[in-house]
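Shown next, in structure tokens, is the structure this report addresses.
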Amino acid sequence: MRPITYARAADAAAAIAAVSADPGSAFLAGGTTEVDLLRQNVLTPRRLIDINDLPLTGIEPQPDGALRIGALARMSDVAADPLVRERYPMIAHALELGASAQLRHMASMGGNMMQRVRCSYFRDAESPCNKREPGTGCSAIEGVSRGHAVLGVSEHCVATHPSDVAVALAALQARVHTQGPGEETHTYAFDDFFLLPGSTPEREHPLAHGELITAIEVPAVPVARKSLYLKVRDRESYEFALVSVAAALSLVDGTIADVRLALGGVATRPWRAMHAEDFLIGAVAQRANFEQAARVELSTARPTLMNAFKVELAQRAMVRALETLANGSPA
């Protein structure tokens with residue numbers, strides 16, 4: 001057994017100072033993923049700093065119409081919040097489909113952003129994995145890759161980002177607020193917060209060691225009031241997405257005035273479908289245009305033999321989500 005020390009922080013500055021001073025320290029929030037990885041010897045910190053007492057649980061409207069969600073707000077609380085359900089149905093849907101009720105009561109929004117990939121080769125602590133041990137290789141490329149990514153991949157990693165709510169937040173261009181040592185603060189655009197694997201797959205975020213997520217800010221996005229989150233998976237509950245779609249749509253006289261699209265289950269990070277969005281703006285809201293937009297977005301896919309089905313599945317899911325919204329079905 002590996003000895004691990006534990007401390008509970010009373011404020012953010014103390015938590016950040018404790019972690020940043022020791023490369024072997026890590027923050028502990030809900031722990032729903034982190035504890036599993038500790039047990040599997042995938043993560044090996046010497047010390048855990050519990051941050052659950054920090055006042056970072058608020059869900060607060062901002063003067064500019066944005067919504068600020070504290071990093072320690074629990075997934076279940078965010079999903080049930082009236083403002084979230086009214087302004088951003090896709091966020092509520094994604095959270096409700098993201099895990100079991102028990103996990104949603106424990107898991108934090110910030111922890112969800114920082115959760116590690118579900119690749120079995122990363123999690124077995126034995127197989128070559130560039131995320132776990134840079135330079136050892138990616139076992140999934142020639143191995144079992146049915147659940148892996150087809151977008152944003154590299155020769156060093158094809159692992160899929162597992163978060164559901166991050167897909168909705170990507171579609172809404174959320175911002176991630178952090179605090180580092182010396183009370184230094186940063187704000188990251190969502191597209192900049194999740195890094196593509198490239199040649200450094202071990203680096204999934206731009207955060208420095210000891211930098212703490214304090215809040216997620218969702219801007220005012222009027223089109224998001226008519227939105228949904230569609231999740232396709234092998235079984236109906238407690239399963240990660242094969243493909244998911246966060247979609248919002250606004251029509252004027254049958255023409256698409258605004259649209260937001262992001263994909264999950266198919267990419268190495270929450271995937272904003274910007275090529276599809278660009279194609280659809282100003283187009284007639286009809287199936288043929290939805291199908292063409294989906295083909296455009298998936299044109300750069302690089303599947304393996306085992307996950308090639310995801311390309312067509314993702315296209316079909318995008319069309320289904322857009323048709324559901326265009327036909328006025330409830331979000």
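What is the residue count in the stretch 217-256 for residues that are part of a strand (DSSP E or B) and within 17 Å of I281 (Cα to Cα)?
10
Results for (1) of a type in the set (S, T, Y); (2) surrounded by 17 or more Cβ atoms within 10 Å (Cβ to Cβ); (3) in contact with a strand residue (DSSP E or B) (Cβ under 8 Å, 6 or more places away or on another chain); (4) in a helix (DSSP H, G or I), shown as yes or no for each residue.
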| site | (1), (2), (3), (4) |
| --- | --- |
| H93 | no, yes, yes, yes |
| M113 | no, yes, yes, yes |
| Y121 | yes, yes, yes, yes |
| E133 | no, no, no, no |
| T136 | yes, no, yes, no |
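Here H148 does not qualify as open to solvent by 10 Å² or more (accessible area, probe 1.4 Å) and either closer than 17 Å to D36 by Cβ or in contact with a strand residue (DSSP E or B) (Cβ under 7 Å, 6 or more places away or on another chain) (or both).
For A80, state whether it is at pLDDT 95 or above, open to solvent by less than 40 Å² (accessible area, probe 1.4 Å) and within 17 Å of A107 (Cβ to Cβ). Judged against the criteria, A80 is not a match. When residues in the stretch 257-287 are screened for being part of a loop (DSSP other than H, G, I, E, B) and out of contact with any Lys or Arg (no Cβ under 6 Å at 6 or more places or on another chain), 10 of them pass. Among the residues of the stretch 217-232, those identified as open to solvent by 30 Å² or more (accessible area, probe 1.4 Å) and under 18 Å from V319 (Cβ atoms) are K226, V232. For the stretch 1-34, taking the residues that are more than 21 Å from E202 (Cβ to Cβ) and among the β-branched types (V, I, T), the one that is least open to solvent (accessible area, probe 1.4 Å) is identified as I16. Of a type in the set (G, A, S) and crowded, with 24+ Cβ neighbours inside 10 Å, is that true of A125? Here the answer is no, as A125 does not meet what is asked. Only residues that are open to solvent by less than 20 Å² (accessible area, probe 1.4 Å) and either without any contact (Cβ under 8 Å) to a residue 24 or more places away in the chain or in contact with a strand residue (DSSP E or B) (Cβ under 6 Å, 6 or more places away or on another chain) (or both): list them for the stretch 188-197, please. Within the stretch 188-197, F193, P197 meet the criteria. Residue count for the stretch 235-251 satisfying the condition of being of a type in the set (S, T, N, Q) and closer than 15 Å to L263 by Cβ: 1. Would you confirm, using the coordinates I've provided, whether R104 is in contact with a Ser or Thr (Cβ under 8 Å, 6 or more places away or on another chain), among the basic types (K, R) and surrounded by fewer than 19 Cβ atoms within 10 Å (Cβ to Cβ)? Criteria not met by R104.
Of all residues being open to solvent by less than 10 Å² (accessible area, probe 1.4 Å) and outside any strand (DSSP E or B) in the stretch 198-216, which is farthest from I141 (Cα to Cα)? Just the residue, please. Per the stated criteria, the residue is G210. Cβ-Cβ contacts under 7 Å between residues 6 or more apart (or on different chains), taken from a first residue in the stretch 21-37 that is closer than 13 Å to Y6 by Cα to a second residue that is among the acidic types (D, E) and part of a strand (DSSP E or B), are listed as L28/D50. Residues in the stretch 53-70 that are part of a strand (DSSP E or B), within 16 Å of Q179 (Cα to Cα) and either open to solvent by less than 30 Å² (accessible area, probe 1.4 Å) or modelled with pLDDT under 95 (or both): I69, G70. Filter the stretch 253-276 for residues that are of a type in the set (D, E, K, R) and buried (at least 17 other Cβ atoms within 10 Å of the Cβ) and give the result. Once the filter is applied, which keeps residues that are of a type in the set (D, E, K, R) and buried (at least 17 other Cβ atoms within 10 Å of the Cβ), the stretch 253-276 yields D258, R260, R269, R272. Taking first residues from the stretch 140-158 that are under 18 Å from V243 (Cβ atoms) and partners that are among the basic types (K, R), the Cβ contacts under 7 Å between residues at least 6 apart in sequence or on separate chains come to V150/R302; V150/K310; G152/R269; V153/R302. Is one or more of the residues making up the stretch 292-306 surrounded by 14 or more Cβ atoms within 10 Å (Cβ to Cβ), over 22 Å from the mean Cα position of the chain (by Cα) and part of a loop (DSSP other than H, G, I, E, B)? Yes, that holds for at least one residue.
The values are calculated or read from the model by the stated rules, or taken from the named source; none is laboratory data. Keep in mind it's a predicted model, so treat the numbers as computed, not measured. In this analysis, Cβ positions are derived from the backbone assuming ideal geometry, glycine residues included, and neighbour counts consider all displayed protein chains. Surface areas here come from the heavy atoms of the whole protein model, side chains and all, with no ligands, DNA or RNA. Shrake-Rupley method; radii C 1.70, N 1.55, O 1.52, S 1.80 Å.
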